[in-house]
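A short write-up of the structure that comes next.
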Amino acid sequence: MKRVAACSLLAALCVFVVPLAGAQSQGMGGMDMKAEKKAQVHKGSGKVTKVDPSKGTVTISHGPVPTIRWPSMTMTFGVKDKAMLDKVKPGANVEFGFVQSGKDYTITEIK
């Protein structure tokens, strides 16, 4: 008899808890917040010092980037599309947009 009561109680809890969890996710539109949040595009300008098509990277000596509180520095960025590297050569002055993803910084546009 105790076993039947315990199983009934467990079934009743499942019927109550599962709809609550669904209601909570519906409150967010059923969407994952990380997927919905778009990465901020930061803008910079500087001089290309190195292009490495095999690694899909470009090194730029750039000025300050206020939106990410960076001072002037030289750093290597990955690029969203390796075809972007066809447009740049060492010594070229460029304006570029990039996003941060964890510890990585990826150029999304370069002129």
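Derivation of every value follows stated rules applied to the coordinates shown; laboratory data play no part. For clarity, every value in this text was computed on a predicted model and none was experimentally measured. Backbone-built Cβ (ideal geometry, glycine too); neighbour counts: all protein chains shown.
For the cross-link pairs Lys50/Lys103; Lys38/Lys89; Lys38/Lys103; Lys38/Lys111; Lys82/Lys103, the ones whose C-alpha atoms lie over 18 Å apart are Lys50/Lys103; Lys38/Lys89; Lys38/Lys111; Lys82/Lys103. In order along the range 64-80, the Karplus-derived 3J(HN,Hα) couplings, from 6.51 cos²θ - 1.76 cosθ + 1.60 at θ = phi - 60°, round to x, 10, x, 5, 10, 6, 9, x, 4, 6, 10, 8, 9, 10, x, 10, 4 Hz, and Gly and Pro are given as x. Summing charges over all other residues whose Cβ lies under 11 Å from the Cβ of Glu109, with Lys and Arg as +1 and Asp and Glu as -1, gives +2. Summing Lys, Arg as +1 and Asp, Glu as -1, what charge do residues with Cβ under 15 Å from the Cβ of Pro66 carry, Pro66 excluded? Summing Lys/Arg as +1 and Asp/Glu as -1 gives +1.
One decimal place: the segment Thr76-Asp52 gains 7.7 nm when fully extended, by the rule 0.36 nm per residue minus the C-alpha distance. In terms of its C-alpha gyration tensor, the range 42-110 comes out oblate, because a/c is 1.5 or above while a/b does not outweigh b/c.
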